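Enquirer: Mind having a look at this structure? Questions to follow.
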Amino acid sequence: MRLLRFGATCRQNGDCPRYAGGVAKGEIPRVEYACERCGGVAITRDAWAEWHVQSQAWTLSEVFDFAFCHQCHRETRLLERPAS
């Protein structure tokens, strides 16, 4: 099973100066993604999922660049920011 991590993968060692405020050492900071046009967080991305017989679950195998905002109803690019 493939673990997908999003955002700047600088978080590998819990060392992420970008989000250092309020994050305990070794803890992975929480992020959210927002529409670059309207700032909304009702966004989706295209992806492929694969069925794994042993785990009896769908797992993501690929995530694509296409993103869509369901607030302004347009294609968008995602902005990563600290979760509120």
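Enquirer: Look at the stretch 59-73 and say how many of its residues are assigned to a strand (DSSP E or B) and surrounded by 11 or more Cβ atoms within 10 Å (Cβ to Cβ).
Expert: Qualifying residue count, the stretch 59-73: 9.
Enquirer: Can you give me the number of residues within the stretch 1-57 that are out of contact with any helix residue (DSSP H, G or I) (no Cβ under 9 Å at 6 or more places or on another chain), at pLDDT 90 or above and of a type in the set (D, E, K, R)?
Expert: Counting residues in the stretch 1-57 that are out of contact with any helix residue (DSSP H, G or I) (no Cβ under 9 Å at 6 or more places or on another chain), at pLDDT 90 or above and of a type in the set (D, E, K, R) gives 6.
The values are calculated or read from the model by the stated rules, or taken from the named source; none is laboratory data. Quantities reported herein were computed from a predicted structural model and do not represent experimental measurements. As a convention, Cβ positions derive from the backbone with ideal geometry for all residues, glycine included, and neighbour counts pool all protein chains shown.
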